1. Relative contact order for the chain using alpha-carbon pairs under 8 Å, separation at least 6, rounded to a whole percent?
2. Taking only the C-alpha atoms, wrap a convex hull around the chain and report its volume per residue in Å³ as a whole number.
3. Quote the convex hull volume per residue of the range 195-339, based on C-alpha atoms, as a whole number of Å³.
4. So how do 384-391, 161-168 stack up, highest first, on mean other-Cβ count within 10 Å?
5. Carbon-plus-sulfur fraction of the accessible area of the chain, 1.4 Å probe, in percent?
6. Working only with C-alpha atoms, what are the Rg and Dmax values of the range 256-316, expressed in angstrom?
7. Binned at 5 Å from 0, what are the whole-percent values of the Cα-Cα distance distribution for the range 98-182, short to long?
8. What number comes out for accessible area per residue over the range 124-238 if the probe is 1.4 Å? Units Å², please.
Amino acid sequence: MSIPPSLPVFGCFCLVFFYRCLSTMVGTFPLLSVQPTWGLVDEKIQVVVRNLPPALSVTLHSLHRSEDKDLWEAFGHYTSDGQGTVTVAKDASLGGTYEGAEPMGLLWSMQPVPGSRTGLRLRKMDVLTPMVVHISVYSGHMTEGFSKQSPLATVVTERWYMAPGVCRIDIREHGVRGTLFLPPGPGPFPGVLDMWGGGGGLVEYRSCLLASQGFVSMALEYLSHDKNRTSDIDVKTYFEKAFRIVQEHPLVMKDRVALFGLSLGTSVALNLAAYSKVISPRCCVCISGSHVNPVNKAIGEVFRKMKEDGYKTQFDEEGRVVWRDIILPIPTDLGEKVDMGRIKCPLMLVVGEDDQNWATVESAKDIAQMMRAAGNEHLLTILQYPDAGHLIEPPYTPHFRASNFIVQQTRQKVIMLWGGYPKPHADAQEDCWEKSLSFLRQHLYPSPDSVPKAKL
């Protein structure tokens, strides 16, 4: 791993702070190693503790302060082996926020510290700075009070969405708002138009990570706090302009541009792939979404339809909002759903079977039936994950079964139930990201040898 000269140099060694040594370890200090200390967020870390007494109970703990100043933590309970070593990749956690041999448990099982605000969701909004995570080892099996105890050792790690050399460009062209990320190197590269869901705003971190993996990617804003602007955005025209901005960039292979959507972004991607006469995506990755929405309508009409069907909204025992029934039963009218027989490019659908926000399981089944009947099912790949929820994000992102959400059409703040359970959801995110990248590389790069290798 090379270290950018603009950052503090960690070299190949851990940045270890020694706080104390055990009274039983005269002259010997615990050594905590985390490799790499500086890496991309989709890169695994290796955590090892050495120089412990054999059979010693210890707690490994991670701590992160979010951009909103909230503290997030994860921890696992371990017992050192006969050589006085704990190796997180192979040793089982006996308890804590995760159990078993989980190399990345200190990241994906993070949760707000006790006493935090309710409904939090951990998202990186400033991709120009890293997620700083302190990983520490404590004596004994602890479950609380970490801030009141001195750790045996601590390592400071940095997790980046932006690899060295990735270029970030603000886009304000032809009424289109977004952020374009360019990979390092002379190119040309394939392109991706990246669209998030109904939460709105400009969300950059997935596009930035895609650029770090060798794709020119544009994070597109299409839902803003300006309701008039959002209502007037046509489901095709605005997105066709955005697609052309990516396609016409001099570093982009013009015939190798994909659509990447999550939730409402999936509906937009499927509409474009089926009905646009202006653009032809090379392939589509669609996560936690549906083909059910008003066809060829402005975004405002999509939300009007949601409001009309709002009586189907459910609430769980804690009063959290469940939207999945809004589009059920799946309609048969092709004016209310995308005609999937019109899809002419490879399509990957990603579905969490415990999605409580949208009827993605039923939608995937109907999509498969429609494409089978139309003779284009060979273009369809479905990844279906048991006990995963709606928010299937880049790997090692902490799981949120429910979080605060602002309803776009009313600006009402609610607690939205997304579904999913921490361990299976974490597994789904890791597998989905790996397979999404493979899918994009397969269909966008001319040959396997032309795919750049991302590294820090």
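The values are calculated or read from the model by the stated rules, or taken from the named source; none is laboratory data. Just so we're clear, the structure is a prediction, and the values are computed from it rather than from any experiment. With ideal geometry, Cβ positions are generated from the backbone for all residues, glycine too; neighbour counts draw on all protein chains shown. Just so you know, the surface numbers come from the protein's heavy atoms only, side chains and all, with ligands and any DNA or RNA stripped out. Shrake-Rupley method; radii C 1.70, N 1.55, O 1.52, S 1.80 Å.
1. 13
2. In the chain, the Cα convex hull volume per residue is 148 Å³.
3. Each residue corresponds to 124 Å³ of Cα convex hull volume.
4. Packing order, densest peptide first, comes out as 384-391, 161-168.
5. Here it works out to 52 percent.
6. Cα-based Rg and Dmax for the range 256-316 come out at 13.3, 44 Å.
7. Going from the shortest bin to the longest, the percentages are 3, 9, 14, 18, 17, 13, 9, 7, 6, 3, 2, 0.
8. 36
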